[in-house]
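Report on one structure; see the data block that follows.
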Amino acid sequence: SRFMSEIYFIISSRCNLHCSFCIRKNISMYEDITIEDAKSVIDKLAIEFSRSNMIITGGEPTLHDNFLEIVEYACKRFLRVYVNSNGMFSLDIANGLKKFLKTNLYIQFSLDGRENVHDILRGPGSFNHTLFIINSLRTYASHIFISTTVGNSNIKDVLMLPKILQNMKFKCWKVSQEQVEYPTLQNVMDSSSWNSFVDTLLTKCCFRVSIKKMFDFKLFDKFMDEKINFQECIRNCGLGNYKMYITPTQDVLGCSCMPSVYGNLKQDTVEKVKLRLKGIKVQVPENSPCFKCKYKVLCNSGCPGYSYKVFGKCGMGDLRCPIIKNKLIDNEEKNSIL
């Protein structure tokens with residue numbers, strides 16, 4: 001079953017960098033989860049989801065005083081454990097992770113451009129330190145991922161990053177578009193620009209890359225010609241039934257971009273939370289521009305977080321979609337005339 005393939009466990013909302021595009025800005029600041037509560041959460045989730053990917057994240061998870069203990073505890077109870085980190089941790093922590101990297105631990109490091117651009121986005125000295133930590137773990141390259149967030153400010157520089165990455169050892173480069181905190185037509189990347197970037201970037205890579213186009217209607221048409229049962233596909237980023245987020249207060253979120261809470265693991269059983277999450281369906285209302293769109297079966301109105309932030313509710317469309325973008329532009333022009 002695809003249900004709950006990824007569990008994001010936020011053990012700390014503290015961070016030692018100040019990234020302008022941080023996706024966790026949507027989640028309020030919390031105290032770090034206690035080691036006792038962390039173990040309790042892991043135990044409860046492992047009963048239902050031991051074959052899911054347990055992703056230990058933050059903030060910067062390595063700032064937690066009991067970080068290595070939490071990793072070890074999770075590795076004993078889940079088939080695969082991932083750590084999402086900015087790489088700004090000590091060599092002692094890197095050495096402490098090595099024994100787990102030999103088995104079922106994987107680490108994802110963030111690099112968002114060459115040194116100058118990365119340091120502007122994340123903080124002075126962060127590029128070289130992260131590179132140093134990645135290289136210290138090169139023996140475990142098959143368990144190392146590099147992640148890059150692409151926005152309007154670094155899209156050109158990211159095209160230069162493959163020259164640096166080709167000299168490094170890692171399993172896969174994961175490249176994704178920035179999730180803008182307050183999306184508007186002006187600050188969200190145009191889908192045609194993104195798709196052109198994807199095509200160009202792939203020609204520069206001699207290693208495995210995980211990346212996807214956005215609202216490429218030619219690709220959509222090809223998929224639809226294959227007569228696939230799209231109801232079985234993961235759409236809307238798998239909201240609630242593909243991934244979930246656990247905060248340090250043990251609240252369960254279906255998406256980190258929206259405030260809806262579907263339970264609390266201190267008060268609710270995992271089975272109860274699981275049923276609530278399974279019941280989440282992104283409905284496209286009749287007044288949505290997406291309702292009669294032939295591509296609705298594929299994207300189901302796109303990112304629910306963007307729809308919520310722009311239109312106040314899910315199912316109303318993703319402003320990265322050319323159709324939605326054009327309708328918004330038309331509305332802005334009509335309002336300016338009025």
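Things worth noting here:
- Straight-line cross-link partners of Lys309 among the lysines, defined as a Cα under 25 Å from its Cα and at least 8 positions apart when in the same chain: Lys25, Lys212, Lys213, Lys243, Lys278, Lys281, Lys292, Lys294, Lys296, Lys325, Lys327, Lys334.
- Cβ-defined net charge surrounding Met214, 9 Å radius [Lys, Arg +1; Asp, Glu -1]: +1
- Between Glu36 and Arg51, the contour length at 0.36 nm per residue exceeds the alpha carbon distance by 3.2 nm.
- Using a probe of 1.4 angstrom and keeping all protein chains present, the accessible surface of the stretch 107-161 works out to 38 square angstrom per residue.
- Whole-percent carbon and sulfur share, accessible surface of the chain, 1.4 Å: 50
- Straight-line reach from Lys98: taking Cα to Cα under 14 Å and skipping same-chain neighbours fewer than 8 places apart, the aspartates and glutamates in range are Glu69, Glu72.
- In the stretch 140-220, the chymotrypsin sites (Phe, Trp or Tyr not before Pro) that fall in loop regions by DSSP, at most 12 other Cβ within 10 Å: none
- Per-residue extension of 0.36 nm, minus the Cα-Cα distance of Asp330 and Lys292, leaves a gain of 11.8 nm for this segment.
- Under 5 Å from the amide H of Gly302 lie the amide H atoms of Asn236, each residue being 5 or more positions distant or on a separate chain, with H modelled from the backbone and absent for Pro and chain starts.
The values are calculated or read from the model by the stated rules, or taken from the named source; none is laboratory data. As the structure is a computational prediction, the values presented were derived from the model and not from experiment. We place every Cβ from the backbone using ideal geometry, glycine too, and count neighbours over all the protein chains shown. Just the protein is used for accessible areas: all its heavy atoms, side chains included, with ligands, DNA and RNA removed. Shrake-Rupley method; radii C 1.70, N 1.55, O 1.52, S 1.80 Å.
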